[in-house]
Amino acid sequence: MKRFDFKIIWIVLLMLTGALPVSVAQQPPSDEAAEKIKALQMQYLAKKLDLSPEEAQKFWPVYQNYTHEVETLIAERHSKRQQDKVSGGDPDDIARRNMDNDLGYEKKMFDIRSRYTNEFQRVLPARKAGAVFKSEREFRTIMINHLNNQRLNRMNQGANFRRRQ
């Protein structure tokens, strides 16, 4: 099993290396890059969950609803943060408001995950439904590590270029 997981990780990393353009620091991913990442995530989840065609047919619409709700919640949180930055005001009031907003955000995220835990159990066997969030975290960790390695490689290449001059 460990050998299989290792192969999946390498396949995903190789696909990412060839598929994702080099991005500029602090720049949000393009729609094309975001779509590629979503496609890779779907492939990763399908392999990790070992979905049969019937399970996949039932699972993907539920999963897409789940990701839509999560993305909407994240966008709302980001929007509120941006509004607080623009509005200015007393830093302590902003910090208090951010703490309250963060708690509300965490509660909403927990509610979404709780609801979709039940939804996933309706369309998948319990062992597979229980692995959805874990597999998502694993994919996110792989992506973060890959992107950090890419960034470090670019920084090292820049340092080597400056030394040669």
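The values are calculated or read from the model by the stated rules, or taken from the named source; none is laboratory data. None of these values were measured; they are calculated from a predicted model. In this analysis, Cβ positions are derived from the backbone assuming ideal geometry, glycine residues included, and neighbour counts consider all displayed protein chains.
Taking the condition among the small types (Gly, Ala, Ser), outside the structural domain of Ala39 (by TED's automatic domain parsing), more than 22 Å from Ala34 (Cα to Cα) and in a helix (DSSP H, G or I), does Ala95 pass? If you could, list the steps in order and put the result at the bottom.
Working: among the small types (Gly, Ala, Ser): yes; outside the structural domain of Ala39 (by TED's automatic domain parsing): yes; more than 22 Å from Ala34 (Cα to Cα): yes; in a helix (DSSP H, G or I): yes.
Here the answer is yes, as Ala95 does meet what is asked.
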**Report entry** Set Glu69, Glu54: member being acidic (Asp, Glu), part of a helix (DSSP H, G or I) and touching a residue at least 24 places away in the same chain (Cβ under 8 Å)
**Finding:** Glu69
Requested in this report: Taking the options Asn160, Asn98, name whichever one is modelled with pLDDT under 90, farther than 20 Å from Leu40 by Cβ, surrounded by 11 or more Cβ atoms within 10 Å (Cβ to Cβ) and not basic (Lys, Arg).
Outcome: Asn98
Report task. State which residue is surrounded by the fewest Cβ atoms within 10 Å (Cβ to Cβ) when the search covers only the range 32-51 and only residues that are in contact (Cβ under 8 Å) with a residue 12 or more places away in the chain, assigned to a helix (DSSP H, G or I) and of a type in the set (A, V, I, L, M). Result -> Ala33
Query - Which listed residue is within 17 Å of Ala34 (Cβ to Cβ), at pLDDT 90 or above and surrounded by 14 or more Cβ atoms within 10 Å (Cβ to Cβ), from Tyr63, Tyr105 - result: Tyr63
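Residue-by-condition table, conditions (1) polar (S, T, N, Q); (2) in the same structural domain as Lys36 (by TED's automatic domain parsing):
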{"residue": "Glu71", "(1), (2)": "no, no"}
{"residue": "Gln83", "(1), (2)": "yes, no"}
{"residue": "Val86", "(1), (2)": "no, no"}
{"residue": "Tyr105", "(1), (2)": "no, no"}
{"residue": "Lys108", "(1), (2)": "no, no"}
{"residue": "Asp111", "(1), (2)": "no, no"}
{"residue": "Tyr116", "(1), (2)": "no, no"}
{"residue": "Asn145", "(1), (2)": "yes, yes"}
